[in-house]
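The values are calculated or read from the model by the stated rules, or taken from the named source; none is laboratory data. Since the structure is predicted, the reported quantities are computational estimates derived from the model, not experimental observations. All Cβ positions, even for glycine, are placed from backbone atoms using ideal geometry, and neighbour counts span all protein chains on display. Surface areas here come from the heavy atoms of the whole protein model, side chains and all, with no ligands, DNA or RNA. Shrake-Rupley method; radii C 1.70, N 1.55, O 1.52, S 1.80 Å.
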Amino acid sequence: MKVRLSKNTGLTPDVIKSLIDSHKKEITRLDLLDSYYRSNAPIMKRRKNDPTKSNNKLVTNYARYITTMSTGYFVGIPVQTRCKDENLLDRLAAIFKYNDEPDLNTTLATNNSKYGYSYELHYMDEQGRNRMAAVDPREIIYITDNTLNDEPTAAIRYFEIKNAVDDNKKIYSIEVYTKDSILYYSMDGDSVALIDEQQHPFKDVPIIRYTNNADETGDYEPVLTLIDAYDKIQSDTANDFEELTDSFLLVSGEVLDVEQALRLKEVKVFNFPNKEGKVEFVTKNINDSALENFKTRLDKDIHKNSYTPNMSDENFVGNSSGVSMAYKLQGLEFLTGVKEQKFKKGLFRRVELLSNVLNIRTNQQMNFTDVEFIFTRNNPQNLVEIVEMATDLTGIISNETQLDLLPMVDKDQELKRLEQEKKQQSEEMNLFDFNSVRQQSDDATE
């Protein structure tokens, strides 16, 4: 949750307690979204007052599908970092490797897709090395000023700790991050007490907020009612078929007592002395076509309104051209374009925090604005078509631009290899020319 406060508002224990209390409503929303992702969606108990009726609660996990698709398309191929300053780039690369940055980005993007926003915490480990970690959004209250810049001024992280004496008594550990220090509090009931304070070297609030879109909503949040409707009709269909198996048996032409009925059920033989006797099941007519048409429409509406394509659809075939595939993924591409711009803001904040620490360590002034981030869509591609296009551009564009068109190669690595090959060929040519001249000289001497 993000809160805008005046710069003059101090984070006193009373203010901290008030912010935590107001945060509970947001936690309810986040818990609901998480329940859909974990297949614990609140399916309506349609027949809870009648225990004799079937009460299936089937969950089709659209939420996880939508998040997996959008996140995989967005950061399934790791984000590349480039910088003109080789010294800064090498230092950042070492930090990113130590913190498994691709996995961190995936976790942040997944939280964005689920909740609409995510948080990244920076801290120093026991060896004095930079660490970055994704934090559960349900634990963070992000505080900004009330100016147009919406600058972060502080962040509160709080979580419940187990009470060894009384399980019913809730005690919270609270960490308040400011631009220069971390304040540690403990909250027992309504009492908030300061325990410790430590300085940090980041020169800014060391928690970064990433947003999914301008509304800060999750990817499947707008289609929750459609998901509910689909799950309900799936559950009702299962109920109908289950009750069809347990249908009532109608016996005509004879009056059976309970003992006779149980005996007939056991031996499964019916013998009537008159021709009017008849046995049949009493069943409910189910309009399969109408049900399937309704479920198909719901399925299409869920994919359309979440901008997530149905990859199992027959329209997605392996031999589709690049243009054809681009049209099919156009909605997801629009969605991802917004994600990328929002995610970049967080990445620049990440590099800024790291640069602040590196500038202190190295006593150098490294400019984080020189860094750029390259996102590559993780979409199915016709590689033959791409290679042919790149080949046709030989002599028209540079080798570097050609390599940019090929998703299967590392451009920087290939450029280095091309340079090494040219150098090797040049050395071989010089050696050949030298041997030729020496041979000619020997021939002339003879």
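A few notes on this one:
- Residues whose amide H lies under 5 Å from that of I77, counting only those 5 or more places away or on a different chain, are N378; hydrogens are built 1.01 Å from N in the peptide plane.
- Using θ = phi - 60° and Karplus 6.51 cos²θ - 1.76 cosθ + 1.60, couplings along the stretch 195-205 (whole Hz; Gly, Pro as x): 10, 7, 9, 9, 7, 10, x, 7, 6, 6, 4
- By average C-beta atoms within 10 angstrom, highest first, the peptides 1-13, 327-339: 327-339, 1-13
- Anchor K53: lysines whose Cα lies under 28 Å away (excluding residues fewer than 8 positions away in-chain): K45, K232, K265, K268, K278, K284, K295
- In order through the stretch 330-342: 3J(HN,Hα) via Karplus (6.51 cos²θ - 1.76 cosθ + 1.60), integer Hz, x for Gly, Pro: 4, x, 5, 5, 4, 4, 5, x, 5, 4, 4, 5, 5
- Counting only protein chain heavy atoms and rolling a 1.4 Å probe, the accessible areas of K342, K97 rank, largest first, as K97, K342.
- Under 16 Å of direct C-alpha separation, and excluding same-chain neighbours fewer than eight residues apart, K423 reaches these aspartates and glutamates: E414, D433.
- If the Kirkwood radius is taken over C-alpha pairs of the stretch 115-181, then at 4 °C and 1.567 mPa s the Stokes-Einstein diffusion coefficient equals 91 µm²/s.
- With the convex hull drawn around the C-alpha atoms of the stretch 194-246, the volume per residue stands at 202 Å³.
- Its residue count N fixes a reference of 2.2 N^0.38 Å for the stretch 157-231, and the Cα radius of gyration divided by that reference is 1.67.
- Across every direction, the projection of the convex hull enclosing the Cα atoms of the stretch 34-186 has a mean area of 15.9 nm².
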